[in-house]
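The values are calculated or read from the model by the stated rules, or taken from the named source; none is laboratory data. Predicted model, so just to flag it, every value in this text is computed and none were measured. Positions of Cβ are generated from backbone atoms using ideal geometry, with glycine treated the same way; all protein chains shown enter the neighbour counts. The accessibility values were calculated without ligands, DNA or RNA, using every heavy atom of the protein model including side chains. Shrake-Rupley method; radii C 1.70, N 1.55, O 1.52, S 1.80 Å.
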Amino acid sequence: MNFDEIIDRRGTGSDKWDQMESLFDVSPDDGLAMWVADTDFRVPQVALDAMQKLVDHGILGYSDATKPYKDAVCWWMENRHGWKIEPEWLLTTSGLVNAVAIALDTFTEKDDGVVLFTPVYHAFAKVIKAQGRTVVECPLVRDGDKYVMDFEAYDAQMTGKEKMLILCSPHNPAGRVWTKEELSEVVAFAKRHDLLLISDEIHQDLVYDGYKHVPTALIEGALPRLITLNAPSKTFNVAGANCGHVIIPDEDIRTKFFTRKKSLGLSPNVFGVKLTQALYNEEGGKWVDALCKYLGENRKIFEEGVAKIPGAKPMHLEGTYLAWVDFADTGMSAAEVKKRITQDAKIAATPGHVFGKGGEHHVRFNLGLPASRIEDAVERLQNAFADLQ
């Protein structure tokens with residue numbers, strides 16, 4: 001659990017480091033990669049041991065979602081999140097964006113509306129538009145140091161053409177951990193407008209002291225219209241294994257999803273299956289607890305440091321390792337803010353407009369780095385905006 005270790009990812013095929021120059025004009029030689037949502041931490045040793053055992057076996061043939069794999073997911077959900085799931089509810093996809101795409105293809109038609117509470121993870125809108133569906137943006141409202149939902153406004157927006165709601169819980173990019181009461185309102189909203197509810201809970205394990213992730217499935221009335229998505233990818237930094245869990249309690253919805261998935265010829269990734277088995281246990285849980293404590297310190301360093309920049313307002317993170325900073329009160333244009341961050345601070349971070357309405361003037365920073373790099377990032381940002389101080 002040496003999260004302080006600096007691991008050089010340059011030249012390894014890493015999206016995060018090897019694409020930062022082409023996308024942000026920030027050289028990996030002297031820049032910091034704080035954009036795409038994976039961490040710079042080595043995966044737990046138990047996962048590396050499992051991979052070595054698989055390689056030593058020497059056969060990497062077709063894999064199936066085996067009983068030990070499903071048992072591991074069931075154990076994790078019950079012991080870490082208080083949700084007892086049945087093995088037959090579980091389907092496996094090549095990551096969660098793949099799962100969203102299959103759900104859209106299965107349960108919606110061209111021009112149907114798909115509701116998003118924006119700003120939100122940008123891949124949702126990309127997939128919705130790519131399939132010829134309509135993105136219906138319901139903007140979140142900033143209430144002090146957090147976002148809240150305005151269901152009275154959202155009800156007024158609905159036209160009857162909406163067929164699906166995609167929820168991000170915990171929320172990316174702003175790090176909200178929705179409360180049970182808020183989730184109850186989401187479920188009621190979906191029921192009022194007869195929306196299939198997709199709950200992306202990929203950040204479920206990354207929650208800080210004082211907050212608790214509540215699976216949407218535990219909300220009364222949710223199960224007849226719910227598809228829950230999660231994965232070990234963000235938690236353990238194994239996104240390259242492309243293994244997503246789709247949990248569907250309702251038999252009719254599950255059968256339709258499975259039938260469409262089968263027609264696409266998709267099968268589980270052997271590495272993803274074995275990694276999940278290796279990580280979803282008590283040892284993996286101890287590693288996650290240590291990670292969350294470490295990330296909590298990174299959060300403190302970053303939020304306190306950035307808040308010293310006049311006009312910069314970091315939203316307090318309740319979960320995830322993705323910091324959301326509002327630069328509107330600096331009086332600068334988004335282009336000027338981007339220039340200072342990329343060219344002066346030499347940091348590659350994600351511009352807020354890609355997350356939809358409400359993301360303008362914001363920037364998302366990945367805090368899943370060794371603390372020394374977070375301290376470096378804060379110093380770079382303070383220097384880049386030094387004339388405001």
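Brief remarks on what is shown
- Checked against (1) closer than 28 Å to T255 by Cβ; (2) among the hydroxyl-bearing types (S, T, Y); (3) touching a residue at least 60 places away in the same chain (Cβ under 8 Å), T118 passes all but condition (1).
Conditions (1) open to solvent by 80 Å² or more (accessible area, probe 1.4 Å); (2) touching a Ser or Thr at 6+ places or on another chain (Cβ under 8 Å); (3) part of a loop (DSSP other than H, G, I, E, B), marked per residue:
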{"position": "M1", "(1), (2), (3)": "yes, no, yes"}
{"position": "R10", "(1), (2), (3)": "yes, no, yes"}
{"position": "W17", "(1), (2), (3)": "no, no, no"}
{"position": "E21", "(1), (2), (3)": "yes, yes, no"}
{"position": "V26", "(1), (2), (3)": "no, yes, yes"}
{"position": "I59", "(1), (2), (3)": "yes, no, yes"}
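- As a summary of the residue check, N298 satisfies the conditions (1) in contact (Cβ under 8 Å) with a residue 60 or more places away in the chain; (2) more than 30 Å from L60 (Cα to Cα); (3) assigned to a helix (DSSP H, G or I); (4) open to solvent by 10 Å² or more (accessible area, probe 1.4 Å) except for the one numbered (4).
- Close pairs from the stretch 265-279: first farther than 17 Å from D56 by Cα and modelled with pLDDT of 90 or more, partner part of a helix (DSSP H, G or I) and not hydrophobic (A, V, I, L, M, F, W, C), Cβ under 7 Å, at least 6 apart: T276/Y69; Q277/P68; Q277/Y69
- Members of the stretch 314-339 that are farther than 30 Å from Q204 by Cβ and either surrounded by 21 or more Cβ atoms within 10 Å (Cβ to Cβ) or touching a strand residue (DSSP E or B) at 6+ places or on another chain (Cβ under 9 Å) (or both): A328, D329, A334, V337, K338
- Of the residues making up the stretch 63-79, at least one is open to solvent by 60 Å² or more (accessible area, probe 1.4 Å), basic (K, R), within 26 Å of T276 (Cβ to Cβ) and in a helix (DSSP H, G or I).
- Residue within the stretch 352-368 that is within 19 Å of R176 (Cβ to Cβ), within 17 Å of the chain's Cα centre (by Cα) and surrounded by fewer than 17 Cβ atoms within 10 Å (Cβ to Cβ) present: yes
- Flag for G311 being surrounded by fewer than 19 Cβ atoms within 10 Å (Cβ to Cβ) and among the small types (G, A, S): yes
- Within the stretch 349-361, one or more residues are over 24 Å from V135 (Cα atoms) and at pLDDT 95 or above.
- Sub-7 Å Cβ pairs linking a first residue in the stretch 223-243 that is at pLDDT 95 or above to a second residue that is outside any helix (DSSP H, G or I) and among the charged types (D, E, K, R), at least 6 apart or interchain, are L223/D250; P224/D250; T228/E201; L229/D200; L229/E201; N230/E201; T235/D205; N237/D38, ordered by first then second residue.
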